[in-house]
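Shown next, in structure tokens, is the structure this report addresses.
The values are calculated or read from the model by the stated rules, or taken from the named source; none is laboratory data. From a predicted model like this one, the values you see are computed outputs, not experimental measurements. Because the Cβ atoms are built from the backbone with ideal geometry, glycine has one as well, and the counts that use them run over all protein chains shown. Accessible surface is based on the protein model in full, side chains and every heavy atom, while ligands, DNA and RNA are left aside. Shrake-Rupley method; radii C 1.70, N 1.55, O 1.52, S 1.80 Å.
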Amino acid sequence: MYKVKVGMATCGISAGAKTTYEKLNELIGGNGALVELTITGCIGMCYSEPLVEVVDDETGEHVLYGGVDDKGAEQIYKQHLKRGSVVDELVVLKWRDGQKPDGPQSSFLVDQERIVLRNCGVIDPEKIEDYIARGGYEALKKVLSKGDPNWVIDEVKASGLRGRGGAGFPTGLKWSFAAGNQADIKYVVCNADEGDPGAFMDRSVLEGDPHAVLEGMLICAYAIGATHGYIYCRAEYPLAVKRLRKAIQQAKDAGYLGQKIKGSGFSFSIKVKEGAGAFVCGEETALFASIEGERGMPRIRPPFPAEKGLWRKPTNNNNVETYANIPWIINHGAAEYRKFGTEKSPGTKVFALAGKVKRGGLAEVPMGMTIRELVMEIGGGIKKDKEYKGVQMGGPSGGCIPAALIDTPVDFENIPATGAIMGSGGMVVMDEETCMVDVARFFLDFTQKESCGKCTFCRIGTLRMLEILERICNGEGRPEDKDKLASLSEQIKNASLCGLGQTAPNPVLTTLRYFEHEYDAHISEGYCPAKVCPTLVDYVIDAEKCIGCVACAKGCPVECITGEKKQPHVIDQDKCIRCAHCITVCPVDAVMKIAEPKKQKPVAAE
Amino acid sequence: MADTKAKNGFNFQLWRYDGEPGELIPLLQAAQDHYGYIPEHAIEHISAATGITPSKIYGVITFYNQFRLQPMGKYVIRLCEGTACHVAGAKTLLEVIEDEVGVHEGETDDDGLFTVLTVACIGCCSLAPVMLVNEETYGKLDPKKIRSILRQIRREEQQKSQGKKAAQPAK
């Protein structure tokens, strides 16, 4: 019998997996006895969505197909499911039970170690039976049968697990603080407010394996003596919220949540709270304020959450990925966990590879792997084989690590040394066509909008920095701007209460440090080397190459391209909005971007 | 039909409210689900039920990006401005959308068809640049694709309203 799984996380659905699923469902129709069609979470290979996996129960053979639209679905049905022969042209990977995958895309997976993503893309996330069949809730049972909260804390401490939300605080230690504080009620909070642009690890875990997060929270609650839990999830992740709610209901029905769980004296309930769109709510004290129904503004620490957190009660707050690690650690033991990663950063980390990389997606790798291995091997290198410029890690709080530091190991020691941060795992790859001043401006624009306004330096300082970056990108930079940015950065870092302000200048500081020449080109030479900043670039049609096919003129949004059919076309520079559409449609690459140092230094108008 | 259900949703939430702290944001979300935005009378109802002053409720509404005090268009366009979409040229695409719809970001057009918004990241980075139109995701966009998607929606809506007009006299 065949089992057919369609990857139906948000990314898969966006790529058209729903159509693929419906097509397969229609074709399989009444043959449910021969073929079982299910959904699954994110397999991680977002670049070849929609993905369909066909498993042959008898031989244990798995075939993963990529880019399956409804035609592909029909082909798979007719050729593979009916006649048993693999559709070679759509194959991404092939493997047998218990063996490493093989196939054109196997280099994406061979160096990965799947602890957090152990079930993502394997099980149907909407079925608790699937989770249980893969050893789900065994860790909870083990903990309950041992009956010793201190053992749990010691085990988590021994594993060396560090918070995966970004800061890397030792998880076991954090739990011991909350466990040590006595109160009538204690809370366990899961931070699922994944707000960093370019990061989607937590979403994939919530959509692909929600029970793992619930089980992690249950174990934490048992260890610290909490009875109530909250998952604070971004409202922008409707599918994650839906699957979480479903999972909570199933866990209740199965007796894993509620009163006197599995006959023990331990009771625990979990509520999902939807965020309302404020990046600062990823900061834990702001998150608590938001759960309480207030404006999400951070509070002064101390008192720390372990002492006075949610509703001023002892609270333990961890990130989604941290909780998802816990059941594995309890089942396999701390020593086994320490076999992955480095001495000071044990275990694995999930990264969301995006940007100018060939194979964007989710990759879970042992800590200490180099950026080169992640980007060049797992990621498959740079799109269109352009020149690698750097990688942005840690979102708006992080920084840009240049190509020269490509051999930096990715862990909690080496990444902060570059000026970036580990962050939650977003990795946006940049190539020669990415302007680093524009990237800095992009992040400042983000943090400036998202500053809650409590601290003056964050509220106003980021705006001043943004204004400076904007004028640099518009070709109006002034000689003193670099120094101004650096001094504002220091002040904002020192005078902000929470992580948002303290880290907001990082993108500017790292680009100033590693890409100063790009700032100089914008400010004093009047051009954008990456040809991104519109006013510092010109688009010109090469009259010799142009075949007069009118494709560019037809597609031009402002109709600024003129010329007769079969005659060279001309771009009216005054009307041009620099949208680059003409470049993308030209069949003969006749449209050129021109950016060169202007002889005359632009006048810095005061 | 769906409207009645949503209305029950908001009223039900208000009725169910039993003084449990921290329910303000879910109540506001229920109100917005129903009305498409948060009208003044909804603030008054929530205030009466919870005892939280309207001014404080207003403060919470304006703090969060999700809440709207103005009605939104039938189709809400959310262009992703995440890092991956940004480096893939999302900024130009916003200009194209604004040009096509004829309003700026954050605004709704005169016939209430489109509202143009940007969103921080929808987490479909491998499909960048991405936009959402209501619940539908469109990936790997370029200016041409955006214009054809929006024009298609506009055409369909025009056909629908013409169909209605044609059907009216027969009534």
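Holding the Cα-Cα limit at 28 Å, pick out from A:K449/B:K144; A:K141/A:K271; A:K71/A:K246 the pairs that are longer than that. It would help to have the intermediate numbers written out before the result.
Values: A:K449/B:K144 30 Å; A:K141/A:K271 22 Å; A:K71/A:K246 32 Å.
As for pairs spanning more than 28 Å Cα to Cα, those are A:K449/B:K144; A:K71/A:K246.
Amide H neighbours of B:V119 under 5 Å, at least 5 residues apart or on other chains, H built in the peptide plane: list them.
B:L79, B:C80, B:E81
Explain nothing, just the number: relative contact order of the range A:116-261, from Cα pairs under 8 Å at least 6 residues apart, as a whole percent.
Answer for the range A:116-261 is 30 percent.
Give the accessible area for A:F351 in Å² (nearest 10); use a 1.4 Å probe, count only protein heavy atoms, and leave out ligands, DNA and RNA.
0
Under a 5 Å amide H to amide H cut-off, with H placed in plane at 1.01 Å, what residues pair with A:R162 once short-range neighbours are removed?
Under 5 Å from the amide H of A:R162 lie the amide H atoms of A:T171, each far enough along the sequence or on another chain.
I want to make sure I understand the PRE zone here: with the label point 7 angstrom from the Cα of A:D97 toward its beta carbon, which residues in the range A:29-66 have backbone N atoms less than 15 Å away?
What the label zone holds, given the 15 Å backbone N cut-off, is A:55-63.
Would you kindly state how much longer the chain becomes between A:E26 and A:S487 on full extension, computed as 0.36 nm times their sequence separation minus their alpha carbon distance, in nm to one decimal?
Details: separation 461, 0.36 × 461 = 165.96 nm, distance 6.31 nm.
That pair, A:E26 and A:S487, stretches by 159.7 nm at full extension.
What list of ³J(HN,Hα) values in whole Hz, one per residue of the range B:70-75 in order, does the Karplus curve 6.51 cos²θ - 1.76 cosθ + 1.60 (θ = phi - 60°) give from phi, with Gly and Pro shown as x?
10, x, 9, x, 5, 10
Taking the Cα atoms of chain A, report the difference between the largest and smallest coordinate on each principal axis, in whole Å and largest first.
Principal-axis extents of chain A (Cα, largest first): 80, 67, 41 Å.
More than 18 angstrom separation, counting every C-alpha pair in the range A:335-382; what % is that?
31
Calculate, for A:R301 and A:V110, the FRET efficiency according to 1/(1 + (r/R0)^6) with r their C-beta to C-beta distance and R0 60 Å; round to the nearest 0.05.
Here the calculated transfer efficiency is 0.90.
Taking chain B as a Gaussian network, Cα atoms linked when under 10 Å apart, which of B:D109, B:D142, B:D18 shows the biggest mean-square fluctuation?
Greatest mean-square fluctuation among the candidates belongs to B:D18.
Ignoring solvent entirely, what values of log10 I(q)/I(0) come out of the Debye formula for the range A:2-106 at 0.10, 0.13, 0.16, 0.22 Å⁻¹ when each Cα is a single scatterer?
Result of the Debye calculation: -0.23, -0.39, -0.61, -1.22.
May I ask you to order B:46-54, B:34-42, A:223-231 by the average number of other C-beta atoms within 10 Å around their residues, highest value first?
Peptide ranking by packing, descending: A:223-231, B:34-42, B:46-54.
With all protein chains present and a 1.4 Å probe, how do A:E307, A:E155 order by accessible area, largest first? Walk me through the intermediate numbers first.
Numbers: A:E307 100, A:E155 35 Å².
The residues order as A:E307, A:E155, largest area first.
Could you tell me the total accessible area buried at the A-B interface, probe 1.4 Å, in square angstrom to the nearest hundred?
By this definition, chains A and B bury close to 3600 Å².
Take every residue in peptide A:395-402, count the Cβ atoms of other chains within 10 Å of its Cβ, and give the average of those counts.
1
For the range A:174-202, list whatever residues lose no less than 20 Å² of accessible surface once every protein chain is in place, relative to that chain by itself, with the probe at 1.4 Å.
Hits at the 20 Å² cut-off: A:P197, A:G198, A:F200.
Rounded to the nearest whole Å², what accessible area per residue is found for the protein assembly as shown with the 1.4 Å probe?
The answer is 41 Å² per residue.
At 7 Å along the Cα-to-beta-carbon direction for both A:D589 and A:V540, put a label point, then send me their distance in nm to one decimal.
Distance between the two pseudo-spin positions: 1.8 nm.
Roughly to the nearest percent, how much of the accessible area of the protein assembly as shown is carbon and sulfur, given a 1.4 Å probe?
50
Name the residues of the range A:343-373 whose accessible area, probed at 1.4 Å, falls by at least 30 Å² once all protein chains are in place instead of their chain on its own?
By number: A:K356.
Once you place label points 7 Å from the Cα toward the Cβ at A:Q573 and B:K164, how far apart are they in nm?
5.0
For q values of 0.14 Å⁻¹, compute log₁₀ I(q)/I(0) with the Debye formula on a Cα-only model of the range A:436-524, without solvent.
-0.41
Tell me the volume per residue, in Å³, of the convex hull enclosing the alpha carbons of the range A:348-431.
Per-residue hull volume (Cα only) is 71 Å³.
Alpha carbons only, please: Rg and Dmax for the range B:34-171, in angstrom.
Here Rg and the maximum Cα pair distance are 18.1, 54 Å.
Let me have the relative contact order for chain A, percent, based on Cα pairs under 8 Å that are six or more residues apart.
Rounded, it is 11 percent for chain A.
Please name whichever of A:G136, A:T20, A:M427 sits farthest to the positive end of the charge dipole of chain A, dipole taken about the Cα centre and charges placed at Cβ: Lys and Arg +1, Asp and Glu -1.
The listed residue farthest towards the positive side: A:G136.
Across the Cα atoms of the range A:66-123, what radius of gyration and what greatest pairwise Cα-Cα distance (Dmax) are found, in Å?
13.3, 36
Shielding of A:215-225 by partners, i.e. mean partner chain Cβ atoms within 10 Å per residue?
0
About the Cα centre of the range A:348-431, what is the dipole size in debye to 20, counting +1 per Lys and Arg Cβ and -1 per Asp and Glu Cβ, all else neutral?
Around 380 debye, computed over the range A:348-431.
From the phi angles alone, apply the Karplus equation (6.51, -1.76, 1.60; θ = phi - 60°) to the range A:573-580 and give each ³J(HN,Hα) in whole Hz, x where the residue is Gly or Pro.
4, 6, 8, 4, 9, 6, 8, 6
If all Cα-Cα distances of the range B:2-63 are sorted into 10 Å bins from 0 onward, what percent lands in each bin, rounded to whole numbers?
That works out to 23, 60, 16, 0, in percent per bin.
Out of every Cα-Cα pair in the range A:537-594, what percent are more than 19 Å apart?
Beyond 19 Å sits 12 percent of the P(r) for the range A:537-594.
Jot down the radius of gyration and Dmax of the range A:164-292, Cα atoms only, both in angstrom.
When restricted to Cα atoms, the range A:164-292 yields Rg and Dmax of 14.5, 43 Å.
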